[in-house]
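Below is one structure, written out as structure tokens, with a few remarks after it.
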Amino acid sequence: MTAEEAPPIEETAAPEAAPRARLAGKIVPAVWIVLVVASVSLLAVLMYTQYLPDREMNESAEQSAMDAATKGAVAVLTYSSGNFDRDVSSARTYLTGDFLGQYDTYIQTAVAPVAKQKSIQTTATVVRRAVSELRPESAAVLLYINQTTSTADNPAPSSAASSVMVRLTKVDGKWLISSFTPV
């Protein structure tokens, strides 16, 4: 076989390389298109799940959560022996979930007997408040509370200051206290 009869090496390699080059030329753009579509899809999901719900949480929503936490905390911590059942009934309207059950148990077993026996009167006021967390269906509000208490035995009121983290849950469009934790 002479050099003229032998097929050139480049000619035999070229037909095999050409399909690979064409395939690589199609795969690379396809991968880029898939990556762009995936990125845009991820952005859309994040926008829908993170950004848009946060936009619903404006100053009005913040104020509403703080007002509910304030009114609820004052109702929970304010009572007098003469109106005890009415005060407890009023406080219950600000509560929800497990905390409502815990409140009922605590009030009936620990507070009611002592409050009625010693003629306790206690009044709470919120002196400072701030939203710690705000979501469309839940919130956390930090409250600084002053509370004065007097009894039949000691009519001069005693004062106490405390701070409480109030967690709220939106139930039927209304903020209700689901947790009440001293801080």
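Worth a mention:
- Exactly one residue among P53, P15 is exposed (fewer than 10 other Cβ atoms within 10 Å of the Cβ) and at pLDDT below 75, and that residue is P15.
- Given (1) assigned to a helix (DSSP H, G or I); (2) at pLDDT below 95, number of the condition D98 does not satisfy: (2)
Yes or no, residue by residue, for (1) part of a helix (DSSP H, G or I); (2) in contact (Cβ under 8 Å) with a residue 24 or more places away in the chain:
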| position | (1), (2) |
| --- | --- |
| A68 | yes, yes |
| V76 | yes, yes |
| F84 | yes, yes |
| I107 | yes, no |
| V126 | no, yes |
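- Members of segment 131-166 found to be touching a residue at least 60 places away in the same chain (Cβ under 8 Å) and in a strand (DSSP E or B), listed by number: V131, L134, A139, V141, L143, I145, Q147, V164, V166
- Being assigned to a helix (DSSP H, G or I), at pLDDT 70 or above and in the same structural domain as L134 (by TED's automatic domain parsing) is a property that does not hold for A44.
The values are calculated or read from the model by the stated rules, or taken from the named source; none is laboratory data. Predicted, not measured: the structure shown is a model, and the values here were computed from it. Every residue, glycine as well, gets a Cβ built from its backbone with ideal geometry; the counts of neighbours run over all protein chains shown.
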